[in-house]
Each structure stands twice: as C-alpha cells, then as structure tokens.
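The values are calculated or read from the model by the stated rules, or taken from the named source; none is laboratory data. Just so you know, these numbers come straight off a predicted model, no measurement behind them. Reconstructed Cβ throughout: ideal geometry from the backbone, glycine too, with neighbour counts over all protein chains shown.
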Amino acid sequence: MNIEDASKQARELREKLEYYANKYYDEDKPEITDYEYDMMMNTLKALEKEYPEIVTEDSLTQKVGGHVKEGFKQVTHEVPMLSLQDIFSYEELKEFDEKMQKQAIEENEEVKYVVETKIDGLSVALEYVDGIFVRGATRGNGLIGEDVTDNLRTIKTIPKVLKEKVTITVRGEIFIGTKEFEQLNEEREVLSEPLFANARNAAAGSLRQLNSKITEKRPLDIYIFNVQKWEGATFNSHYEELIYLESLGFNVNPVKIPCKTYEETINAIEKIGEDREKLSFGIDGAVIKIDSLSFREKLGTTYKTPRWAIAYKYPPEAKETKLKDIICQVGRTGVITPMAILDPVKVAGSTISKTTLHNEDFIKEKGLKIGDIVVIQKQGDVIPEVIEVKKEKRTGEEQEFTMPTVCPVCGAPAVREEGEAATRCIGVECPAQTLRNIVHFTSKEAMDIDGLGYKIVEQLVEKGFVKNIADIYKLTFEEIASLKKNGKKFAQNLIEAIEESKKQDLFHLITALGIKQVGVKAAKVLAKKYKNIYNLMNANSESLSTTDDIGEITANNIREFFKQEQTIDIINKLKEAGVNMQIKEEEGIDNRFEGKTFVLTGTLQKYSRKEASDLIEKFSGKTSSSVSKKTDYVLAGEDAGSKLTKAQSLGVTIISEDEFSDMIDG
C-alpha cells in the first residue's frame, strides 16, 4: 500500500469512527457492537503507526470520544479524565508487563497490579470539599465535561456527605444493573416507549437529562474506581486507597484483585471472564492497573491514556450447536418473537440453551431450518446470537419454519403489516398483553384514571385482581387498599376515579381500546362520524377509509380489530360495567374551524401546544405537524424556525397568539 492509499483509507476510517462515536457517546444510540468499533479503531491505529505522516490532530486515535451536550454547563477537569488503551490478547498483555518490568528497574520500583472489572457505563468525576459533595461532571472529551451535579444527587449510592471531612475528587462509572435494565425496558415496552439498546446507553442517556426528575426515575448506580485528586493523601497503594474509599462511604468497584506476578494477573482476568455472568452489572473487559501510586506518577500519561493501566477486552467466542426447535413467544405489546431452542452449549462463560431469532426476516436471511447445526456467538455480556448456519452439515431431515398465523397464547389472528418486520397478536384479551393493555387503557389520553399508573397496574395483574381491561370496573375497595400500607385513602380516591372514567366521551374509549394506528386524533374523528361504538364496530372498509385522517391500512386495522370475538366480548363487558359507549352531544356546536388546518410552531406563551390543539379541534379544525399548500394557518410563537420559513415561501397565512386568541374569542 502506498501513502496515498493509506491516507485515503485512514480518512474513510476516521469518518466512520467519528460517526459511530457520535452515535455511542453523544446520542446514546449505538449502531455497531463495541467489538466492531474496536477492530475498526485498531485498523486505523495500525495504519497511522506504519505511516505516521498521515496522522491528523482530529483523529480519534489522538483524542477521547464524546462532546459536551448543549444545555449543560461546562466543567474543565483539573485532572484530565483519560481513556484506556485496549488490548485483545495475552501477547499484548505480556508486552505491557515487560515494559512495566523494564521501567520498574530503571525507577527502582516494584511491579504489582490490581485487576478490576471494566464496568460498561458512563464515567464521571465527583468533587468533595471537607467531605461534602459539591459538584459532579461527565468525562466529555476528557478535558471538558458536563456539569450533571443535580442529576447525580438523585443517585442513592452517591454519598452526599462523607464519613470524614476530606477534600477529594474521585472517578466512578455510572451504570444500570443487568436486572434493573431488563425491568426498565419491560416498563418502556408496556408504555409503548422506545427500548434502550443496552444498559450502557440507558445509563448515559438517563444521566444526561436536562430534567433531573427524569434521571431520578431511572435505576442508576455507581462504582468508584479511582482517585483523581486528594489533598493530603498519604497512601502509596491503589488497592489500599480503594479500601479506604469504602470506609469513607463510597460505593467502590467490588471486583478488585491484587496481583504480584504476571501469572496471577492472567488468572485474575480469566476468573473475571468466568464469573461475569454472575455479576449484577455489565462489563466490557478487565482493567489492569499498576498498584504503586509513586510508580504511576513516574510513568505518567500520554495525550489520551495513562501509561500505567491497560484494558483487556474479552474476544467474542463462537461455538457450534444444534437448533432443536423454534418456538414463538408473545411480548407485552403483542409482538410474536421466534426463539431458537438449542442443544446447551457453553459460550463466553455461560451455558446457552435458547436465544432470540428476532423476526421472520432474520430467519429467512440466515436460511435457518429446524435441525440445523448453527454457530452461536456471545461477546462479553451481549445477548447470544446465531451468526451462521453450517449448511454443509445438513442431513436432509431439517424442517422449514413458518411464522404462526394465530397467536400461540390466545388464538387471535397474528398479523404482519406491510413495511413491518414484526408479527403481532391483535387480541384485546390476550393474557400476554394484559399489563400493556391495561396501562394504555388507564392512561391520561385514554380513560384517564388518575392513580392507575404502571406500578399499581403491575401489582393488580400480579395479584390476579385484573385479567383484562373490563376487570378494572370490578375492583373492590379491599383489593385496592391491600396494595399499599394504610391504603384506605388511596383506595377511596381510586374507586372514585374509576367510577368517573365511565362518563368519558366516546373518543376516550376508542383511544383506550388500543387499535393499531388509532390515536387520540383519529379517535375523535371516528367518534364524531359514527356517534357510538356499535356504529363503528359495524362500519365497512369503504366507509372507514373515506373518513378524514383514516387511510386504507388504518381502516383495515379497525375492521380486523372489531371482527374479533375477544373485542366483542370486552365491549359487552365494558357496557355491562356502565362505561359510556356514545358521543356526548354538545349544545350549540361551533364549527368555525371546520375544514381548516393549523400548524403550530415556535414557543407559545399563552397556551401549551396541547391547549391550542384542543381549542382548534373543539371548533372542528385540524392540526398538522408539517406545512404544505393545504395548510390554512401557521400559529407562530417565539423562535419559530423552518416551518415559519416554509409557510412564508408558500404564502400560507401566519397568525400570532394574539390573533389566534381573537379567533377563539370570536
């Protein structure tokens, strides 16, 4: 390879790495695995080592990934928060040890190590003055981070006052435990919120919230692993320092293994690798640190990494096994997921007997058949995955797999819509979806039952008090009161809220039923046209698809939903419970905005976006999220951006809040 080719390849790698680093560090939405990123980075390092003249200042080999998020106050780190050099083999570790041994002889020092878990989270610095927590910041780019003090104060395992009046800055890793991460994603799935890609990004996204109340709701934890700065420090051993930090009240990394020799270091790394499945938190390697603090100081640092520490990344391990069967599981949102049942095989420290096959397309793409010999790979704590089929080992007895056409749990139709990868159960009484259906039914935009949030609904389902949405109206005072200590007042309030919900207008009920692609806006249109739930149930496809804001796909969803025996049964149960089934006729209906479409943009002072939208809909108007030639009015608040510009170019009428108020007041 000549220098021109090397320079071109390096430039392409830098662009890709910058893109993936931005997704990982700044957006908390990774698009490739850590291993793929590491291998790409290694290729770039090798190129820059062979051709030093192609190195650029902005290369990620020359700086720490990550930027300061807009909205946070900047913090300049008095002691830079460096990253670690990664290695992937014991040969590289041997080279590191030999270098340390050579330096130790020159500096009259002794080589001892401490091996720790490399926690997969977000690094922060915590500052204490006279034992009181005063400030906390993210790593950012290593030199400048984000002030996230208020968010860090919400984390219970961060001491606000230490047991001694020391002035110290420590470094730790914010993370979400494995079990807690699963629970968090389960809750988000039920609430129809986007799932987090992994625990690391969930932790990073949670800490970097501009609203600390959101952070407070997330199950964040921390482990301290280093002292950045310590006034009056007397320790010379990193390990002894960590033990002392525990006595001060810090939550210190629980895995810290002192090692006197290279062989002990290898054993410690292998021990962590074998035990990582038992850990309550995710790791992405093991960190090997020089124990002597005086030796560390002599070794110093580079522009990016300390010379006294290195990170060993466990290589992905792959094993062959037999795909014995494919079964389907129904998730809480009705998604039917094929699962591979495998001959048990030990991969990366854990025994794998089943794993997800994601969806129908994944099975077709891999060419999987029941009975195949497949290759399973598991990198660190990532979910095991089928990466390859050994087609040359087929015997002819393998069987094709087809996705079910009915739900394996409740027997309702299983539907895969055009453009979607997932197959879903549409049964309104499907036991697998009970929690999700009830949480949606009771939500503010649906039946708006105050007090019936996720946690309470979860308890009601677990105790067997409710099995479907209609059971809400059968709840007794005693059942509700049993959910909380001294729960009589809570029970009385909830009983009243449930009773009040029976009076909700028809569009609330239509929204609450959870018909795919039918939100509040579409529900209002349907309620206005069909007047009661039975007219809507009996509406044909032509009538539905010619309704404003209801396309052909949504019309088919509605027809399919109301054809199901489960739907008819639940409607009858709700009717028996006294739930309102028809539109509330308003006297003197004002249709002044009928046929008019509004777009809202900028920051409104007099109204919230919802209040303005509700007023427009009250007078039979519509709101849209985008400006087009069909837009009648653009209501522009402060700092209106591209929508205002587009409205001006199209000649759309632009109104201020005062003008909108005049239109409302008549």
Next on the checklist: Can you tell me which of (1) in contact with a helix residue (DSSP H, G or I) (Cβ under 9 Å, 6 or more places away or on another chain); (2) modelled with pLDDT of 95 or more; (3) not aromatic (F, W, Y) is the one G334 doesn't meet?
Outcome noted: (2)
Checklist entry - Do the conditions hold for Y244, that is, is it hydroxyl-bearing (S, T, Y) and under 30 Å from K165 (Cα atoms)? => result yes
Checklist entry - Is it true that some residue in the range 491-505 is over 18 Å from D448 (Cβ atoms) and in contact (Cβ under 8 Å) with a residue 40 or more places away in the chain? => result no
Next on the checklist: So for the range 298-317 (the condition being surrounded by fewer than 18 Cβ atoms within 10 Å (Cβ to Cβ), modelled with pLDDT of 90 or more, charged (D, E, K, R) and not assigned by TED's automatic domain parsing to the domain that holds A233), does at least one residue qualify?
Outcome noted: no
Checklist entry - In the range 530-546, is there at least one residue being under 36 Å from the mean Cα position of the chain (by Cα) and either at pLDDT 95 or above or outside any helix (DSSP H, G or I) (or both)? => result no
Checklist outcome for this item: Picked from the range 201-243 (must be out of contact with any Leu (no Cβ under 7 Å at 6 or more places or on another chain), in contact (Cβ under 8 Å) with a residue 60 or more places away in the chain and within 30 Å of T434 (Cα to Cα)), the residue surrounded by the most Cβ atoms within 10 Å (Cβ to Cβ) is N201
Checklist entry - Do we have D614 as at pLDDT below 90, in the same structural domain as N468 (by TED's automatic domain parsing) and under 30 Å from D662 (Cα atoms) here? => result no
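Quick grid of which residues meet (1) under 30 Å from Y314 (Cα atoms); (2) surrounded by fewer than 16 Cβ atoms within 10 Å (Cβ to Cβ); (3) not acidic (D, E):
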| site | (1), (2), (3) |
| --- | --- |
| G331 | no, no, yes |
| T351 | yes, yes, yes |
| L357 | yes, no, yes |
| I363 | yes, no, yes |
| G367 | yes, yes, yes |
| E417 | no, yes, no |
Checklist entry - Is it true that S608 is among the polar types (S, T, N, Q) and surrounded by fewer than 13 Cβ atoms within 10 Å (Cβ to Cβ)? => result yes
Checklist entry - Of F598, F561, which residue is touching a residue at least 12 places away in the same chain (Cβ under 8 Å) and assigned to a helix (DSSP H, G or I)? => result F561
Item to check | Residues of the range 501-529 that turn out to be within 25 Å of E417 (Cβ to Cβ), outside any loop (DSSP other than H, G, I, E, B) and of a type outside the set (D, E, K, R), as a count | outcome: 11
Next on the checklist: Can you pull out every residue in the range 106-127 that is charged (D, E, K, R), more than 18 Å from S237 (Cα to Cα) and in a strand (DSSP E or B)?
Outcome noted: K118, E127
Checklist entry - Give me the pairs: first residue in the range 252-271 and of a type in the set (G, A, S), second residue at pLDDT 95 or above, beta-carbon distance under 7 Å, and six or more apart or on different chains, which are they? => result A268/V115; A268/I257; A268/C259
Item to check | Yes/no for V374 being surrounded by 18 or more Cβ atoms within 10 Å (Cβ to Cβ) and more than 27 Å from I568 (Cα to Cα) | outcome: yes
Checklist outcome for this item: Of those in the range 495-518 that are under 14 Å from K444 (Cα atoms) and aliphatic (A, V, I, L, M), the residue surrounded by the fewest Cβ atoms within 10 Å (Cβ to Cβ) is A497
Next on the checklist: Among the residues that make up the range 466-473, is at least one of them touching a Gly at 6+ places or on another chain (Cβ under 8 Å), of a type outside the set (A, V, I, L, M) and assigned by TED's automatic domain parsing to the domain that holds D505?
Outcome noted: yes
Next on the checklist: Can you find a residue that is surrounded by 17 or more Cβ atoms within 10 Å (Cβ to Cβ) and part of a strand (DSSP E or B) anywhere in the range 56-69?
Outcome noted: no
Item to check | Where P194 falls short, out of the listed (1) buried (at least 17 other Cβ atoms within 10 Å of the Cβ); (2) assigned to a loop (DSSP other than H, G, I, E, B) | outcome: (1)
Checklist entry - Just checking, which of F598, F561 is in contact with a Phe, Trp or Tyr (Cβ under 7 Å, 6 or more places away or on another chain), modelled with pLDDT of 90 or more and hydrophobic (A, V, I, L, M, F, W, C)? => result F598
